[in-house]
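The values are calculated or read from the model by the stated rules, or taken from the named source; none is laboratory data. Quick caveat: nothing in here was measured; it's all calculated off a predicted structure. So basically every Cβ, Gly included, is an ideal-geometry build from the backbone, and we count neighbours across all protein chains shown. For accessibility, only protein heavy atoms count, side chains too; no ligands or nucleic acids. Shrake-Rupley method; radii C 1.70, N 1.55, O 1.52, S 1.80 Å.
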Amino acid sequence: MSLLLDNQFTELPPDKSVDTKIFLEAVSHLPPFFDCLGSTVFSVIKSDINGNITKITAVYKKDPAKYATLQDILEAEREAHAAEWPKVGATLALMWLKRGLRFIQILLQSLADGERDENNPNLIKVNVTKAYEQALKRYHGWIVQKIFNAALIAAPYKSNFLKALSKGEEVKEEDCLANVRQFLVNYTATVDAIYEMYTNLNAELDYTV
């Protein structure tokens, strides 16, 4: 089975609220995605995602009923921390987590849309670069950017990447991309909803690391 389809995200309700428990369960299976990219540089994003999931989970477990949705967490922390918020607690952890999730989304959508380097059609450098530039680059200082630029050059062949997504199974490219498109439906809706929530609550920060 596919690494992605084994742990699909659920459809959001009409109000676009994101159930915390269901969300944390779904994202907990995503860090191995970065192993598929080969370069150890991407392990930095993997580690960051794991760390942020752990922080959000710790807050949720303190009072699952109170923190039933992600918005419940942000609103509770805004009330509790006032001046420090949103650069605090699970609010900050989710802020960074959503950027890692957006990286995955843009990369997969780019592949699903057939974007490629016509001179090197079996390389995914174009797709990984687009994802990095749109999701993460603006939040990285020049030193971190240089490290990632080196990783982008070492991006794997598309065939190897898709095979890794298929857990090592030999799957036709069109079948693998069909799985990607299926995964992206609820995944994209969830990531978009989280970004929209941060905008509505004025919780987004623009600093670099």
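Model label sites at H140 and D19, defined 7 Å from Cα along the beta-carbon direction, differ in position by 3.5 nm. Solvent exposure of K167, expressed as accessible area, is near 120 Å², computed with a probe of 1.4 Å over the protein chains only.
I need the shape label for segment 20-200. Rule: rounded when a/c is under 1.5, else prolate if a/b > b/c, else oblate, with a, b, c from the alpha carbon gyration tensor. It is prolate, given that a/c is not under 1.5 and a/b is the larger ratio. Classify segment 119-208 as rounded, prolate or oblate from the Cα gyration tensor: take a ≥ b ≥ c as the square roots of its eigenvalues, call it rounded if a/c is under 1.5, otherwise prolate when a/b beats b/c and oblate if not. Taking the square roots of the gyration eigenvalues as a ≥ b ≥ c, segment 119-208 is oblate. Evaluating 6.51 cos²θ - 1.76 cosθ + 1.60 at θ = phi - 60° for every residue in segment 188-193, the Karplus couplings come out as 4, 4, 5, 4, 4, 5 Hz, glycine and proline recorded as x. Per DSSP H run of at least 4 residues, take -39500 (n - 2.57); add these up for the chain, divide by its residues and hand me the 222 nm value, nearest 500 deg cm²/dmol. Only helices count here, giving -19500 deg cm²/dmol. Contact order, relative form, for the chain: 31 percent (alpha carbon pairs under 8 Å, 6 or more residues apart, mean separation divided by residue count). Applying both filters, DSSP loop and at most 13 other Cβ atoms within 10 Å, to the GluC sites (Glu not before Pro) of segment 109-209 gives E115, E118, E169, E170, E204.
Think of each Lys and Arg Cβ as +1 and each Asp and Glu Cβ as -1; about the Cα centre, that makes the dipole of segment 20-200 roughly 440 debye.
In this structure, the pairs whose alpha-carbon distance is over 26 Å, taken from K46/K130; K46/K66; K55/K158; K16/K163, are K46/K66; K55/K158; K16/K163.
Take every pair of alpha-carbon atoms less than 8 Å apart whose residues are at least six positions apart; their mean separation over the length of segment 3-119 yields a relative contact order of 24 percent. A dipole drawn for the chain from +1 and -1 charges on Cβ atoms has a positive end, and of S159, G114, V18 the residue lying farthest that way is S159.
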